[in-house]
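*Asks:* Below is one structure. I have some questions about it.
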Amino acid sequence: MLALKYSLYDCFTCEAFQGHVAAVVDIFEKPETSFAAKIAAEICQTITCFVWRENDSVWVKSIAKDGSVWSINHGLLAVARHIFGSRNDGVLHTFGGIYQVKTRGNLATINLPKMHLEETEMPERLSQAFDVMPVSVRDMGKTCVVELRTVEDVLNLDPDISRIARLDYNRVVLTAEDDTVPFDYVCRCFSPKQYINENSGSLYIQTFLPLFWQERLGKDRFSFLQLSQRCAMGAVVIKDATIEIEASVKLTFNGVLKVQ
């Protein structure tokens, strides 16, 4: 019998049962993807991060509940809190990159590479899926970002998930400027092709949304609110080579997974 310690964390929130859940599993060595995928399917969270030490380095392998391997994901914030406690700096090694992290109390901060969007036109099928009139549309590979006029437009939209799932995009983000303190912009993220109808708090989309809003607002520091059933919030700072993302992370559960 194999006994593995695991924990659940709510990311992008200081309040339990808000934000986005990530599971962190302590393991003795690099797991085979097939084995890790079975555990991730049992735990059944959006992401399960397997953590082990190798040559004095902390390694992370992140597996989605469908068995796919993810590089940049909200679980890295949970791992930072899990490994480095409430006050420390460190480095996380993944198969997609090496990331500087730090923790201060409930806050976890990670530095990620910048990603840039390109201007595009609103595809007709995307317009049918959301029934909105965009201010602007940009994309990057399989990700599309749609800017709307107001926070209410983002909050009140009624997406057609079946139509979104048939789009060429894996991820569709809707965003608008928020002129209410303390937030600068709001967003919602839909990715049914990745088995997430609506994301409850995405780390990945904050690698490009701040650059989009830097053009609009002329700032390099932002506070954002991701609107969903479990609201998520955080802060970002645009640096020379990276984007620094900070969010509160709440430990909600510790347990032991016994694998027969």
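Taken together, the values in this text are just the output of simple stated rules run on the coordinates, not laboratory data. Owing to the predicted nature of the structure, the values given are computational and were not obtained by experimental measurement. Methodologically, a virtual Cβ is constructed for each residue, glycine included, from the backbone with ideal geometry; neighbour enumeration extends over all protein chains shown.
*Asks:* I'd like the distance between the alpha-carbon centres of segment 82-132 and segment 6-21, rounded to an integer number of Å.
*Replies:* Taking the Cα centre of segment 6-21 as reference, the centre of segment 82-132 is 16 Å away.
*Asks:* Let me ask you something else. Just rank 251, 209, 167, fewest to most, by other beta-carbon atoms within 10 angstrom.
*Replies:* The most exposed by this proxy come first: 251, 167, 209.
*Asks:* Rounded to whole Hz and in sequence order, give me ³J(HN,Hα) for segment 48-55 from the Karplus expression 6.51 cos²θ - 1.76 cosθ + 1.60, θ = phi - 60°, writing x for Gly and Pro.
*Replies:* Result, ordered by residue: 10, 9, 9, 10, 8, 10, 9, 6 Hz.
*Asks:* Moving on to the next point. Any idea what the dipole of the chain comes to, in debye rounded to 20, about its Cα centre with Lys/Arg Cβ at +1 and Asp/Glu Cβ at -1?
*Replies:* 920
*Asks:* Within 10 Å of each residue's Cβ, count the other Cβ atoms and sort 220, 184 from fewest upward.
*Replies:* 220, 184
*Asks:* On to the next question. Considering the options 127, 82, 95, tell which one lies farthest towards the positive end of the dipole of segment 1-140, charges being +1 on Lys and Arg and -1 on Asp and Glu at the Cβ, about the Cα centre.
*Replies:* Of the candidates, 82 comes out farthest on the positive side.
*Asks:* Could you pull out every residue, at least 5 positions away or on a different chain, whose amide H is within less than 5 Å of the one on residue 185? Hs are placed 1.01 Å off N in the peptide plane, and Pro or chain starts have none.
*Replies:* Amide H neighbours of residue 185: 178, 223, 225.
*Asks:* Considering the options 236, 181, 22, tell which one lies farthest towards the positive end of the dipole of the chain, charges being +1 on Lys and Arg and -1 on Asp and Glu at the Cβ, about the Cα centre.
*Replies:* Ranked along the dipole, the leading option is 22.
*Asks:* Taking Cα atoms, how many degrees apart are the long axis of helix 33-43 and the longest axis of the chain, rounded to 10 and kept between 0 and 90?
*Replies:* Approximately 80 degrees, to the nearest 10.
*Asks:* Also, I was wondering about something else. In percent, how large is the relative contact order of the chain, given Cα pairs closer than 8 Å and 6 or more residues apart?
*Replies:* Averaging sequence separation for qualifying contacts and normalising by length gives 23 percent for the chain.
*Asks:* Still on this model: Given H placed on each backbone N at 1.01 Å, which residues far from residue 74 in sequence or on other chains put an amide H within less than 5 Å of it?
*Replies:* 203, 204
*Asks:* Per DSSP helix of 4 or more residues, -39500 (n - 2.57); summed, then divided by the residues of the chain. What does that give at 222 nm, rounded to the nearest 500? Can you show the working numbers first?
*Replies:* Details: 6 runs with 48 residues, N = 260.
Taken over the chain, the calculation gives -5000 deg cm²/dmol.
*Asks:* List the residues whose amide H sits under 5 Å from the amide H of residue 114, counting only those 5 or more places along or on another chain, with H placed 1.01 Å from N in the peptide plane.
*Replies:* 243
*Asks:* Here is a follow-up. Could you derive backbone 3J(HN,Hα) for segment 99-107 from the dihedral phi with the Karplus parameters 6.51, -1.76 and 1.60 (θ = phi - 60°), listing whole Hz in sequence and x where the residue is Gly or Pro?
*Replies:* Karplus values, whole Hz, x for Gly and Pro: 10, 7, 9, 8, 10, 9, x, 7, 8.
*Asks:* If you line up the long axis of helix 75-84 against the longest principal axis of the chain, both from Cα atoms, how many degrees apart are they, to the nearest 10?
*Replies:* Helix 75-84 sits roughly 40 degrees off the main axis of the chain.
*Asks:* What aspartates and glutamates does residue 250 reach when the alpha-carbon gap must be under 14 Å and sequence neighbours fewer than 8 apart in one chain are set aside?
*Replies:* Reachable aspartates and glutamates: 10, 15.
*Asks:* Explain nothing, just the number: dipole magnitude of segment 118-240 about its Cα centre with +1 on each Lys and Arg Cβ and -1 on each Asp and Glu Cβ, in debye rounded to the nearest 20.
*Replies:* On the way: 14 positive and 20 negative charges, 100 e Å.
So the dipole magnitude of segment 118-240 works out to roughly 480 debye.
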